[in-house]
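Everything below concerns the one structure shown next.
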Amino acid sequence: MSSCEDKDSAATRAAAKTDVELLKRFWRNKKVALEILHFDSAHVSRALWPLEETFDYFMDNGIDDLMVSLYRMELDRTLFMLCSYLCLHLQKIEKYMAHISNSVDLLSRLTQQQERFAKRYLSN
């Protein structure tokens, strides 16, 4: 393996750690916040990519099974956190929909899809 590939792999792992740590912080904040927080769709969409890339690299290059297993556990843990983050966001939309629909500021924190969901939920 060349040193360029080593640097790319190290950069991917560093990005994975940074994104996962940021996702943990977003998840904790969303869990304890009393109001609906801004939904960071860009971060959510890129949170898993570095971990998946590293996992695929390890699988394709015959890296030690223990390392593959550890990365798989980290990937599963991140998937759980991501699912929980999304569920918390939807639960807050459902719980506070009457309040959110009366506030332009709170509505601006939702994505278009979430806004459509909220309007359908309110109409039902």
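Going by what's in this entry, would Y71 be described as among the hydroxyl-bearing types (S, T, Y) and without any contact (Cβ under 8 Å) to a residue 60 or more places away in the chain?
It is true that Y71 is among the hydroxyl-bearing types (S, T, Y) and without any contact (Cβ under 8 Å) to a residue 60 or more places away in the chain.
Go through the residues of segment 51-60 one by one and say whether even a single one is closer than 22 Å to D19 by Cβ, without any contact (Cβ under 8 Å) to a residue 60 or more places away in the chain and among the aliphatic types (A, V, I, L, M).
Yes, because at least one residue in segment 51-60 is closer than 22 Å to D19 by Cβ, without any contact (Cβ under 8 Å) to a residue 60 or more places away in the chain and among the aliphatic types (A, V, I, L, M).
If a residue must be assigned to a loop (DSSP other than H, G, I, E, B) and not acidic (D, E), how many such residues does segment 52-75 contain?
Residues meeting the conditions: 3.
Tally the residues that are touching a residue at least 24 places away in the same chain (Cβ under 8 Å) and in a helix (DSSP H, G or I), restricting the search to segment 76-98.
Number of matching residues: 15.
May I ask you to verify whether F117 is surrounded by 11 or more Cβ atoms within 10 Å (Cβ to Cβ), under 21 Å from the mean Cα position of the chain (by Cα), part of a helix (DSSP H, G or I) and in contact (Cβ under 8 Å) with a residue 12 or more places away in the chain?
Considered against the rule, which asks whether it is surrounded by 11 or more Cβ atoms within 10 Å (Cβ to Cβ), under 21 Å from the mean Cα position of the chain (by Cα), part of a helix (DSSP H, G or I) and in contact (Cβ under 8 Å) with a residue 12 or more places away in the chain, F117 comes out as yes.
So which residues in segment 99-110 are assigned to a loop (DSSP other than H, G, I, E, B) and loosely packed, with under 13 Cβ neighbours inside 10 Å, if there are any at all?
N102, S108, listed by residue number.
Every number in this text was worked out from the coordinates using simple rules, so none of it is lab data. Please read all numbers here as calculations on a predicted model, not as lab measurements. Neighbour counts run over all protein chains shown; Cβ positions are idealised from the backbone, glycine included.
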